[in-house]
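Below you'll find the structure, written out as structure tokens, and then a few comments.
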Protein chains: 2
Amino acid sequence: DPGGLLGAWQQRNSTATLPHCIDRLETSGAVDNLRRATGEASGQFRGMWFADSDVHKTLEAAAWELGRRPDANLERFVESITDLLERAQDADGYLNSYFQVDHRDQQWAELVWSHELYCAGHLIQAAVAASRAGAGDRLLGVARRFADLLVKRFGPGGTDAVCGHPEIETALVELYRTTGHRPYLDLAARFVDLRGRGLLGEEPKFGAQYYQDHAPVREADEVTGHAVRQLYLLAGVVDVAVENGDASLLEAAARLWESAFDTKTYVTGAHGSRHRDEAFGDPYELPSDRAYAETCAAIASFAWNWRMLLATGGHRYADELERVLYNGIACSTSLDGTHFFYSNPLQLRTGHDGSHEDAPSQRLDWYSCACCPPNLARLVASLQSYVATTTDAGVQVQLYTAGRIATPHGEITVETDYPWDGRVTLTVSPAVPGATWTLALRIPGWCASATLDGVPVTGEYAEVRGAWEAGETVQLELAMPARVVAAHPRVDAVRGCAALLRGPLVYCLEQTDLPDDVLVDDVRLDATAPVDAVPGEIAPIVLTARGTHHDPGDAPLYGPPAAATGTPIPLTAVPYFLWANRTPGAMRVWIPRVS
Amino acid sequence: DPGGLLGAWQQRNSTATLPHCIDRLETSGAVDNLRRATGEASGQFRGMWFADSDVHKTLEAAAWELGRRPDANLERFVESITDLLERAQDADGYLNSYFQVDHRDQQWAELVWSHELYCAGHLIQAAVAASRAGAGDRLLGVARRFADLLVKRFGPGGTDAVCGHPEIETALVELYRTTGHRPYLDLAARFVDLRGRGLLGEEPKFGAQYYQDHAPVREADEVTGHAVRQLYLLAGVVDVAVENGDASLLEAAARLWESAFDTKTYVTGAHGSRHRDEAFGDPYELPSDRAYAETCAAIASFAWNWRMLLATGGHRYADELERVLYNGIACSTSLDGTHFFYSNPLQLRTGHDGSHEDAPSQRLDWYSCACCPPNLARLVASLQSYVATTTDAGVQVQLYTAGRIATPHGEITVETDYPWDGRVTLTVSPAVPGATWTLALRIPGWCASATLDGVPVTGEYAEVRGAWEAGETVQLELAMPARVVAAHPRVDAVRGCAALLRGPLVYCLEQTDLPDDVLVDDVRLDATAPVDAVPGEIAPIVLTARGTHHDPGDAPLYGPPAAATGTPIPLTAVPYFLWANRTPGAMRVWIPRVS
């Protein structure tokens, strides 16, 4: 039950984003597509052929939201869509409005591109959410009928196949967890193991790597291809590895994690360096302006890191969870909750041509491929689930936000202004007074100095083992000075630049905070001068720094190296996740350093 | 009749590239597509739907080549293809094997994407070449019948339409120049003026800018969209402007030239910053690794600059002609003449995933979209036409290469090792002994110091006005020291880097010239140390420089700015156009400077 910034995001999701998505399902035709399958609507199929997944993801969001609070409108939405899905479902369990109406002859015919299993996966995830959140088990019936069909068709003894877009893998494991029905897990494991064996064709469009079908997961040593596909796959890989105790599969995931996070991750935690094929690039290929950094990839990275954290307890996974949440994911939604970035670049130039939907100058209220907004809605509606982990030994607080954390060991009340302030006060109300367990508090990787009840602590988690009595309080203090960060020298795109960070937040410069005659493109940062955290308008804390302005005048495009002389100018950096909420204009995360 | 490097390129084109293209027309199915239209072949249409243009471009190359030297095989090729085209042509003049056989119902139905006028343009250019080169006028008959159909259908009083891919505009003006038939020019002017008025649809795929249909040419102020489309269009724009004495149209071309060459051109003269949509990017968006820099765009830039030069006499256009020829264009062909780059990046990283055809690690021998190889063949076969310009007042030598230049004023024999050496000796053999005219010798923009017969000269052209007697000699000496060049400070992609140039040539570092344990990715250039031009193996002149090696060790992807300490290492840079002809490996044009 988070308050603070995470709570505010959940509140906005509840009042703005989720209703907006539900509305857009109607106006975009996504629900009508399903009504066509029942004969309740006529007209053409509208939107992407996988638009059913927008419905399923919104349904999942609504289900999680109903788990947080009662809402008659949401209940009606879930009921009516569940009714519709029940009616639309074939007798054998098949459900996909694109193939059921106009393309019945192509059903299951072209898995490389059909997204049939992808859509099935999102249906299953919605059903699992409804069941877990107590929003009804009727949807689970629909999902199980479809899943049973998949087991029959693609399970052991059936067709060897994989989907061009991973998603079904993690969904089937979640369905197994919810139902205990082992064939779902076995099918997920089968899909994971069949990948990388050319089942999507010898030369599929965009190449096998786009679909991660170029090599079996256990042999791959680099994240590659379409970023969302790669990351969804890896979430499913960890799920299968954990449930099957499959150490070599978990090793493969850990190896690919290093490829991703050592060489292919933006400082915002985002992934996907290329617009072309929405893909990972080469190692260290991390352009700011053409960062694709798709919102769905950030959400997928969050899901993957969460699973890695649960599987291994590895602290670095929690660090990435936090980084991508506060930056790569948070950036995508506008302050009003109804405009979204699909791609989340780290730079927008003066003179940017924002006419393309994949690189607009501002957030848009919907997309022709609308995967991201409902994906945000389902994640944010369930954010409370990711704040802490528990083991028999105790509770590990992973993300800090005001609110109450309910665990089997007891309830923990957190008071904090995190991420604006590093002081976190935790009050324990144990389930069994006097029971002994360990409260472990994550010391983020970015934090160089922390104290627990005034005593310096080091390491990955600050641990308090105690026989807890009600009302016992612990205070963690994470020093949160502004940080000046540079990239690995092989990251050519930001050579000689620095980014300003504070706590888990990446900051950026926006044109609106500069005089009109000083383009953000022409600013340099004095990285040796102090950077101060001060109260701001757009955010509780903004950063001020010292910089210079270098008017390039009529400098030629290419010429002899020229010594730059600039005029001093004060700089104000705002949280990256809040950019493009004021006067539209240029922005940059990476600022060239005064040399 | 060039010797030297340009002559060697023509020789290689003649013995390797052109025969290779002719062979690939057969194996790729491009000729069979036409045979299907005459009933001489069966089977499926193969290759791109605009594969006819590969045939036309190869035909144009063969025609130019026949203008240089007799060749029985080439004559047979031109004859047989001309026969085939005559037989394939519809009675009304229409000719396009894709639409004539399987897609007759779509003929003229979807100009935004059909490439019908584009293919017609290349057919016309082939016919113009055959006529000019004395390789027969029969093809001109085919082209005129098609062009007459176009005039009837799309001329004044006909359909208002433009082609999704410009090319027809310049072709029609050339046909007008060859035939004197004014309706061809009028149709070209009409196509130019109708562009930018939404005739390609309100929301065409990839957006109107992709096709330069977002704004009329006279109003556009930025080169944008698909680079080849934009540059082909501009070549036609200049053609129309010149023939119609249309000053405002020429002004528009000059304005767009500034947009291109002040903010969107690679140091190699190449264009196209994005793989996505093969497009120009924002101003100063010039990544080295993801440079699209399509070969056809470089050829188009050459054509556009040649036309600007003829239209205005502007020296800067000749500079760009030279730059793109020796770098952006020359790079695309392998030493053996049968392997080609489609995209010409300025950097290849260690660990590059070269599995994509659009970003391979080495030149390929053909492409699924094979526009570039025959485009190279037709340009190189006609290179001699671009060496000099003439006016009533005299001769202007624009490109320096050994050989003889035939002009109305007389013949000029050029002795030089250019571009390896800056000494150019010109011996004049006037058409009329004693006639007075001016020999103007271009002083390239890159040249800071030149002498003419030992006397320092400045300005854009060194001019010798004389009453020429046979055998008179002039000696131009262009100082050609290695140059260290930096990019405009807004070119984020190469901040803190320098490129090594000498004369018109851009140089680069290749992994094969470094020890195995020193990755080219980890090298720095001491830009203050001397750079020397010395004899090399891969090229007559290579550059040596002083650098350092910075092993990044286990540096994190993001961390505090670290002072770099490197070990000294000698560097050898080779001409960019020759890279990837030895041991495959990483390459970079822009080298980070020791800071």
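The values are calculated or read from the model by the stated rules, or taken from the named source; none is laboratory data. Here the structure is a predicted model, which is why all the values come from computation and not from measurement. All Cβ positions, even for glycine, are placed from backbone atoms using ideal geometry, and neighbour counts span all protein chains on display.
Among the residues of the range B:398-425, those that are over 22 Å from residue B:132 (Cβ atoms) and in contact with a Phe, Trp or Tyr (Cβ under 9 Å, 6 or more places away or on another chain) comprise B:400, B:402, B:414, B:416, B:418, B:419, B:422, B:424.
Taking into account only those residues within the range A:323-354 that are within 14 Å of chain B (Cβ to nearest Cβ) and in a helix (DSSP H, G or I), which is surrounded by the most Cβ atoms within 10 Å (Cβ to Cβ)? Step by step, filter the range A:323-354, then rank; the result is A:328. Go through the residues of the range B:194-206 one by one and say whether even a single one is closer than 24 Å to residue B:293 by Cα, among the charged types (D, E, K, R) and assigned to a helix (DSSP H, G or I). Taking every residue of the range B:194-206 in turn, none turns out to be closer than 24 Å to residue B:293 by Cα, among the charged types (D, E, K, R) and assigned to a helix (DSSP H, G or I).
Whether any residue in the range A:11-31 is in contact with a helix residue (DSSP H, G or I) (Cβ under 6 Å, 6 or more places away or on another chain), surrounded by fewer than 20 Cβ atoms within 10 Å (Cβ to Cβ) and free of Cβ contacts under 8 Å to residues at least 60 places away in the same chain is what I want to check. No, that holds for no residue. Among the residues of the range A:563-576, just one is free of Cβ contacts under 8 Å to residues at least 40 places away in the same chain, away from chain B (no Cβ under 14 Å) and among the β-branched types (Val, Ile, Thr), namely A:567.
Picking from residues in the range A:529-547 that are part of a loop (DSSP other than H, G, I, E, B) and without any contact (Cβ under 8 Å) to a residue 24 or more places away in the chain, the one that is nearest to the chain's Cα centre (by Cα) is A:537. Tell me, please, whether a residue that is part of a helix (DSSP H, G or I), away from chain A (no Cβ under 12 Å) and modelled with pLDDT of 95 or more can be found in the range B:263-274. No, the conditions are met nowhere in the range B:263-274. I'd like the full set of residues that are within 23 Å of residue B:47 (Cα to Cα) and hydrophobic (A, V, I, L, M, F, W, C), limited to the range B:112-142. The answer is B:112, B:113, B:117, B:119, B:120, B:123, B:124, B:126. Based on this model, can you work out whether residue B:7 counts as touching a residue at least 40 places away in the same chain (Cβ under 8 Å) and among the small types (Gly, Ala, Ser)? Considered against the rule, which asks whether it is touching a residue at least 40 places away in the same chain (Cβ under 8 Å) and among the small types (Gly, Ala, Ser), residue B:7 comes out as yes.
Return the residues of the range A:407-442 that are closer than 12 Å to residue A:475 by Cβ and of a type in the set (S, T, N, Q); say none if nothing qualifies. A:416, A:425, A:427 - these are the residues of the range A:407-442 that are closer than 12 Å to residue A:475 by Cβ and of a type in the set (S, T, N, Q).
Of all the residues in the range B:499-521, those that are buried (at least 20 other Cβ atoms within 10 Å of the Cβ), assigned to a loop (DSSP other than H, G, I, E, B) and among the β-branched types (Val, Ile, Thr) number 0. For the range A:225-235, the criterion of a residue being facing chain B (nearest Cβ under 9 Å), of a type in the set (Val, Ile, Thr) and within 15 Å of the chain's Cα centre (by Cα) is satisfied by no position. Given the structure, is residue A:319 in a loop (DSSP other than H, G, I, E, B), outside the structural domain of residue A:428 (by TED's automatic domain parsing) and not basic (Lys, Arg)? Spelling it out, it is not the case that residue A:319 is in a loop (DSSP other than H, G, I, E, B), outside the structural domain of residue A:428 (by TED's automatic domain parsing) and not basic (Lys, Arg). Checked across the range A:294-305, the condition of being crowded, with 24+ Cβ neighbours inside 10 Å, facing another protein chain (nearest Cβ under 10 Å) and outside any helix (DSSP H, G or I) holds for no residue. Being among the basic types (Lys, Arg), at negative phi, in contact (Cβ under 8 Å) with a residue 24 or more places away in the chain and assigned to a loop (DSSP other than H, G, I, E, B) is the requirement here; does residue A:524 meet it? Answer is no for this residue. Taking the criterion of being aliphatic (A, V, I, L, M) and either within 11 Å of chain B (Cβ to nearest Cβ) or over 21 Å from residue B:557 (Cβ atoms) (or both), the residues of the range A:472-491 that qualify are A:474, A:476, A:478, A:479, A:480, A:484, A:485, A:486, A:487, A:491.
I'd like to know if the range B:160-174 contains one or more residues that are in contact with a Cys (Cβ under 8 Å, 6 or more places away or on another chain) and under 21 Å from residue B:298 (Cα atoms). Looking for residues that are in contact with a Cys (Cβ under 8 Å, 6 or more places away or on another chain) and under 21 Å from residue B:298 (Cα atoms), one finds none in the range B:160-174, hence no. Among the residues making up the range B:364-409, a single one is surrounded by fewer than 21 Cβ atoms within 10 Å (Cβ to Cβ) and basic (Lys, Arg): B:404. For the range B:172-192, state whether one or more residues are at positive phi and crowded, with 17+ Cβ neighbours inside 10 Å. No, that holds for no residue.
Counting the residues of the range B:533-562 that are buried (at least 16 other Cβ atoms within 10 Å of the Cβ), at the interface with chain A (Cβ under 10 Å from one of its Cβ atoms) and among the aliphatic types (A, V, I, L, M) gives 2. Across the range B:74-109, the number of residues qualifying as in contact with a helix residue (DSSP H, G or I) (Cβ under 8 Å, 6 or more places away or on another chain) and without any contact (Cβ under 8 Å) to a residue 40 or more places away in the chain comes to 4.
Pairing residues of the range B:136-154 that are under 15 Å from residue B:81 (Cβ atoms) with residues that are acidic (Asp, Glu), at Cβ distances under 7 Å and at least 6 apart in sequence or on separate chains, gives B:142/B:86.
This table checks each residue for (1) away from every other protein chain (no Cβ under 11 Å); (2) without any contact (Cβ under 8 Å) to a residue 24 or more places away in the chain; (3) within 24 Å of the chain's Cα centre (by Cα).
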site	(1), (2), (3)
A:493	no, no, yes
A:501	no, no, yes
A:517	yes, yes, no
A:578	yes, no, yes
A:583	yes, no, no
A:595	no, no, no
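Evaluating residue B:161 against the criteria (1) in the same structural domain as residue B:117 (by TED's automatic domain parsing); (2) touching an Asp or Glu at 6+ places or on another chain (Cβ under 9 Å); (3) more than 23 Å from residue B:242 (Cβ to Cβ); (4) of a type in the set (A, V, I, L, M) leaves one unmet condition, (2). Residues in the range B:454-466 include none that are touching an Asp or Glu at 6+ places or on another chain (Cβ under 6 Å) and either touching a residue at least 60 places away in the same chain (Cβ under 8 Å) or more than 12 Å from chain A (Cβ to nearest Cβ) (or both).
Screening the candidates A:251, A:278, A:285 for the property of being more than 17 Å from residue A:342 (Cα to Cα), among the acidic types (Asp, Glu) and either without any contact (Cβ under 8 Å) to a residue 24 or more places away in the chain or more than 9 Å from chain B (Cβ to nearest Cβ) (or both) yields one hit, A:251. If the condition is being in a loop (DSSP other than H, G, I, E, B), surrounded by 18 or more Cβ atoms within 10 Å (Cβ to Cβ) and among the aliphatic types (A, V, I, L, M), then the range B:453-498 contributes B:480, B:491.
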